[in-house]
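Note sheet for the following structure.
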Amino acid sequence: MEFECILVETKEKVGLITLHRPKALNALNDQLMNELGQALKSFDQNEAVQCIVITGSEKAFAAGADIAAMANYSFMDTYKEDYITRNWETIRQIRKPVIAAVAGYALGGGCELAMMCDFIIAADNAKFGQPEIKLGTLPGAGGTQRLPRAISKSKAMDMCLTARMMDAEEAERAGLVSRIVPVDQLLEEALTAANTIAAMSLPVIMMIKESVNRAYETTLSEGVHFERRLFQASFGTEDQKEGMKAFMEKRPAAFKNK
Ligand code: HXC
């Protein structure tokens, strides 16, 4: 596949997608989001890939949706034609884990894209924010919904209403990111995490992703019920037999994704 706004490569069992519109700090236009969706779907279907990493540059993961591209849209353009958000939901269909490796700015849609990933590893120079209010609009890809779930209502209100940025330290304290690393080690750390995941059983990886995501969609008892069914289902896999046998034989497990 030929892409202009992203770079796509495979590192061992990890699909790596680098957002690449350096002159616009990786502003997320329609073409970029379209390409990102295609690359994600293709990695999801690729048997050689078990985990996906999305990253940007040292200066910006993404500085938001492309303001120049959307500045003159009418309500009909955004609502009837769905020009801005039409490509933004593809990532939710991806069943393999997607890690966001964030350095620099993750603002507006950039912060929302990072939050749509399964977890965020931040460089020490990362800055998160939802500054849409300064543009006379509001987050449009889940910012007002995922931020309160990730970091509390109070901090989400603060960020969305004042447009202030949150640095990596604050983001980790608040629970938005899972770990912080020096910026020059970001990609290595993300790829190591992704390859650690990729060494596990793919059906179990997918069950865990599905089950953790369920926590956001349902009640505790329904969620625990859902988890219990998947836990039981894992005993129908060859990989569970191999994993437990390998433990007892004091050797690493060799999973076959069956
Ligand atoms: C289009 C953008 C952009 C954006 C930066 N650029 N952000 N272009 N859309 N979101 C462009 C600038 O116009 C400039 O182009 C170049 O990138 C470098 O940016 P500078 O501003 O010169 O860099 P700097 O001074 O370092 O400031 C960095 C910054 C600032 C703080 C990140 O660029 C900024 O505030 N950007 C906008 C952030 C924002 O408001 N994001 C939310 C967008 S709305 P030129 O050609 O002048 O060199 C949104 C809604 C989501 O995301 C809805 C989802 C569906």
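The numbers here are math on the coordinates, done by the rules we state, and not lab data. Note that the structure is predicted; figures quoted are calculated from it, not measured. Here the Cβ is made from the backbone with ideal geometry for all residues, glycine too, and neighbour counts use every protein chain on show.
A few points about this structure:
- DSSP beta bridges in the chain [antiparallel fraction, %, rounded to 5]: 25 percent
- Pairs of Cα atoms nearer than 8 Å and 6+ residues apart set the relative contact order; for the stretch 107-193 it is 38 percent.
- Cα shape, the stretch 40-147, gyration tensor, a/c 1.5 rule: oblate
- Between the stretch 230-258 and the stretch 1-80, the alpha-carbon center distance in angstrom: 35 Å
- For peptides 170-181, 100-111, sequence by mean Cβ density within 10 Å, most packed first: 100-111, 170-181
- Total formal charge among the other residues, if their Cβ is under 9 angstrom from that of D124, Lys/Arg +1 and Asp/Glu -1: -2
- Separation of the T219 and E9 label points, Cα + 7 Å toward Cβ, nm: 5.0 nm
- Helix runs (DSSP H) in the chain reaching 20 Å along axis by Cα, Kyte-Doolittle at least -0.5: 220-234
- For the chain, average projected area of the Cα convex hull in nm²: 15.0 nm²
- Listed residues Q232, Q185, Q45, most fluctuating in the chain (Gaussian network, C-alpha, under 10 Å): Q232
- In this rough spin-label picture, where each label sits 7 Å from Cα along the Cβ direction, the F231-E2 distance is 5.2 nm.
- Helical contribution to [θ] at 222 nm, DSSP H n ≥ 4, -39,500 (n - 2.57), averaged over the chain, rounded to 500: -12500 deg cm²/dmol
- Fraction of beta bridges assigned by DSSP in the stretch 1-126 that are antiparallel (%, nearest 5): 25 percent
- Here the relative contact order of the stretch 147-251, from alpha carbon pairs under 8 Å that lie six or more residues apart, stands at 13 percent.
- Comparing A39, M244, W88 along the charge dipole axis of the chain, the residue lying farthest to the positive side is M244, per the Cβ-charge model.
- The chain - percent relative contact order, Cα under 8 Å, separation 6 or more: 16 percent
- Between the residues P22, V102, S74, the greatest Cα displacement towards the positive end of the dipole of the stretch 19-117, with unit charges on the Cβ of Lys, Arg, Asp and Glu, is found for V102.
- When +1 charges are put on Lys and Arg Cβ atoms and -1 charges on Asp and Glu Cβ atoms, the dipole computed for the chain relative to its Cα centre reaches about 720 debye.
- Treating r as the C-beta distance of N34 and E210 and R0 as 35 Å, the FRET efficiency rounds to 0.85.
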